[in-house]
Amino acid sequence: MTYDYVVIGGGASGMTAALILAKGGCRVALVEKSPRLAPVLRGFSRQGLHFDTGFHYTGGLGEGETLALCLDYLGISPGIETVAYRQDGFDLFRCDRSKFEFAFPVGYGRIRQSLCESFPGEEGAIDAYLEKVRTVCRALPYLSLDADWDLASSMQNLHGASLQDVLEGLTDNRTLRGLLMQHCLLYGVVPAEVSFAQHAAIMGPYYESVSGIRGGGRNLVSAFETSLNQHGVDLYCGSAARSLEFSAAGQIRALVLDNGQSLSCKACVASIHPQHLLEMVPDSCFRPVYRKRLRALEDTSSAFMLYAISDAPVEALKGANLFLAQALEDDAVFEAQSIKQSPMYIAASGYRAEDGAHQGLIGICPTPDSVTRKWAATKRGSRGEDYEAFKGEAMQRMLRRIEDALPEIRGQLTCVEGATPLTFGDYGNTPRGALYGVKHRIGQYNPMPRTRVDNLFFSGQAVAAPGLMGAVLSGFLTCGHILGHDRIREELKRCR
Amino acid sequence: MTDQEIIELVNSSLAEEFELELADMTAETTIYDDLGLDSLDTVDMVIVLEGAFSFKIREEEAIREIRTLGDIHAFVIGKKRQLEAGL
């Protein structure tokens, strides 16, 4: 049997692309290296509690909003229940040095009001900032289904002003600027490198609504699995894609897996780190300049991640996340090299199946992958005692920082698992353990969905944006190139 | 750099990175029909030129209007002269 499409990579974007193609009448195979689909999005269980790794909260899931429409279209919505975050403050920002605090509320009106209260005299800058974010979001074709489809704007987005430049042009208030920059932790690019447009496209949906999913990423993956099954997508899990085979005419005709199995196909969507695709194809299929471009792509930062159980649910994290920063006024913190100085994201986790409460938390601290490079050649499970000691010490430092920030739970936390750049590399299948894959930064040209090979396409966060929403939208963007953007956008509109 | 040096560097850089024959490259050569590049290659063309001449290209409109190698030569020479004049 020959598949119309083989999709490589069973994360959020690969599952999305597979579903859209199957809904479009294609015979689709979905290939995932791990034993089960979407290991990062799915998370894992320890001591009867479920912990999320890849997904915590998102914008765009409010009624009629973009991500909700996409999940409706994909047949996912019946399988999940969204949980709204705290409207008066879904993200609490706390500055170690100045003790400044700000609860970022949901909704443009409330955001304006809270910012104006905390920064009197800055109304003009605040209004201008929020209007700029809104303008960007209105103009993007998949973020806003009524926007004009104009691919030409994509280059402008890459080369527009940076987030830092725009904020510096709006206000001299360093605390306000620093506060609005803190959300760059959600996409892993520092404010001087990310274009304002990319920042706005990612943050805009959060400004309108903020939701989690009951049961976390695991329930979302399970809803994807149900729909993939209903749409007849064949799953091949547990063996990685090894190489693509080409016909004499230079077209892909099969994908060979590590276990030797060959999947005959008419076309392929690669929803993996672009550098991994280069290992699967002969050099001759891309021009030298393109191969060089893909090889040179810079990734987002990696991270340490702590998973801890608490004796009781953490009140401060009910419907809200905590962002810690040493100093909001100092941009250098985004590239800090120590857990103590680096910014940190803390969220409720440790989901109890019986009552839906969270009895633990996770903490994420960006860190360069160089911290674990000396163990890069070792294999998961046998990295050695020195690695385990290093990881244990990193987790203890994160635990102490969290206890300092939340003294009310001091002594109540137990670390049950930890992740380092190597862990992210293993489960996310990125070469350097990047938290959000390839960077979207000014001056870096990420791959487009189309490639020189007529029947080979890219999808994934590298082509659109990171996060659940970026990954899902990348699937729509890629399939739009295949099936026609007008058709896909019309079908999405019908979900409204 | 003289105009001729610029033209030679444009041609040799493109030839290497796009695997083209230098002998086929004249000012009249059309990049899409004769050299077989397509819109997908535009970004890589920009990257090659940026790398060869150490400047950043932000003139999207001008890039989109390029049809022949001669158009690229004129664009790069113009850009180089602008930079030299401190504009």
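Every number here is computed from the coordinates shown, using simple stated rules; none is lab data. Given the structure is predicted, the values throughout are model-derived calculations rather than measurements. Counting neighbours? That spans all protein chains shown, and the Cβs are built from the backbone with ideal geometry, glycine included.
On a full-extension model of 0.36 nm per residue, what is the gain between A:Gln412 and A:Asp146, subtracting their alpha-carbon distance, rounded to one decimal in nm?
Fully extending the segment from A:Gln412 to A:Asp146 adds 90.8 nm.
If you take the Cα centroid of segment A:164-197 and the Cα centroid of segment A:75-89, the two points sit 28 Å apart.
Between A:Ala248, A:Cys237, A:Gln359, the Cα set farthest toward the positive side of the dipole of the protein assembly as shown (charges on each charged residue's Cβ, about the Cα centre) is that of A:Gln359.
Taken residue by residue and averaged, Cβ atoms of other chains lying within 10 Å of the Cβ of A:189-197 number 0. Ordering A:Gly54, A:Pro421, A:Pro313 by Cα displacement along the dipole of chain A toward the positive end leaves A:Pro421 in first place; charges were set at the Cβ atoms of Lys, Arg (+1) and Asp, Glu (-1).
Placing +1 on the Cβ of every Lys and Arg and -1 on the Cβ of every Asp and Glu, with no other charges, gives chain B a dipole of roughly 520 debye about its Cα centre. In whole angstrom, how far apart do the alpha carbon centroids of segment B:20-81 and segment A:345-403 sit? So the two Cα centres are separated by 48 Å. Return the distance in nm (one decimal) between the two label points of a simple spin-label model at B:Met1 and A:Arg397, each offset 7 Å from Cα along Cα→Cβ. That separation, rounded to one decimal, is 4.6 nm.
Listed by chain and number, the aspartates and glutamates whose C-alpha is less than 17 Å from the C-alpha of B:Lys79, apart from same-chain residues fewer than 8 away, are B:Asp3, B:Glu5, B:Glu8, B:Glu50, B:Glu59, B:Glu60, B:Glu61, B:Glu65, B:Asp71. Of the peptides A:432-442, A:232-242, the ranking by mean beta-carbon count within 10 Å, highest at the top, reads A:432-442, A:232-242. Peptide B:53-60 shows a mean partner chain C-beta count of 2 within 10 Å per residue C-beta.
Scoring A:360-369, A:24-33, A:400-409 by mean Cβ neighbours within 10 Å over their residues and listing the highest first yields A:360-369, A:24-33, A:400-409. A simple spin-label model places the labels of A:Lys318 and A:Lys374 4.6 nm from each other, with each point 7 Å out along Cα-to-Cβ. Computed over the Cα atoms of chain B, pair by distinct pair, the Kirkwood hydrodynamic radius stands at 13.0 angstrom. As a proxy for reagent exposure, A:Asp258, A:Asp148, A:Asp426 were ordered by neighbouring Cβ count within 10 angstrom, fewest first; the result is A:Asp148, A:Asp258, A:Asp426. Each part reduced to its alpha carbon centroid, segment A:18-40 and segment A:210-249 end up 4 Å apart.
Site pair A:Ala353 and A:Asp88 shows an inter-label distance of 3.6 nm when each label is modelled 7 Å from Cα along Cα→Cβ. Full extension of the chain between B:Ala27 and B:Glu84 yields a length gain of 18.2 nm, computed as 0.36 nm times the residue separation minus the alpha carbon distance. Backbone geometry of segment A:243-258 corresponds, through the Karplus equation with coefficients 6.51, -1.76 and 1.60 at θ = phi - 60°, to 3J(HN,Hα) couplings of 8, 9, 9, 10, 7, 4, 7, x, 9, 5, 10, 7, 10, 9, 8, 4 Hz, x marking Gly and Pro.
As a proxy for reagent exposure, ranking A:Ile488, A:Ile272, A:Ile76 by other Cβ atoms within 10 Å from fewest up yields A:Ile488, A:Ile76, A:Ile272. In terms of the Cα gyration tensor, with a ≥ b ≥ c the square roots of its eigenvalues, is segment A:309-391 rounded because a/c is under 1.5, prolate because a/b exceeds b/c, or oblate? Oblate, because a/c is 1.5 or more while a/b does not exceed b/c. Estimated from helices alone, the mean residue ellipticity of the protein assembly as shown at 222 nm is -11500 deg cm²/dmol (sum of -39500 (n - 2.57) over DSSP H runs with n ≥ 4, per residue).
Take each residue in A:290-296, count the other chain C-beta atoms within 10 Å of its C-beta, and the mean is 3. Each peptide among A:203-213, B:18-28 gets the average number of other Cβ atoms lying within 10 Å of its residues, and from highest to lowest they stand as A:203-213, B:18-28.
This ranking places A:Cys116, A:Cys137 by how few other beta-carbon atoms lie within 10 Å of each, fewest first, which gives A:Cys116, A:Cys137. Computed about the Cα centre, the dipole magnitude for the protein assembly as shown is approximately 1680 debye when only Lys and Arg (+1) and Asp and Glu (-1) carry charge, each at its Cβ. Cross-link partners for A:Lys374 among the lysines, with Cα-Cα distance under 25 Å and sequence neighbours closer than 8 places in the same chain left out: A:Lys33, A:Lys340, A:Lys391, A:Lys439.
Okay, which of segment A:250-272 sit inside 20 Å, backbone N to the point 7 Å along the Cα-Cβ direction of A:Ser382? Backbone N within reach: A:259.
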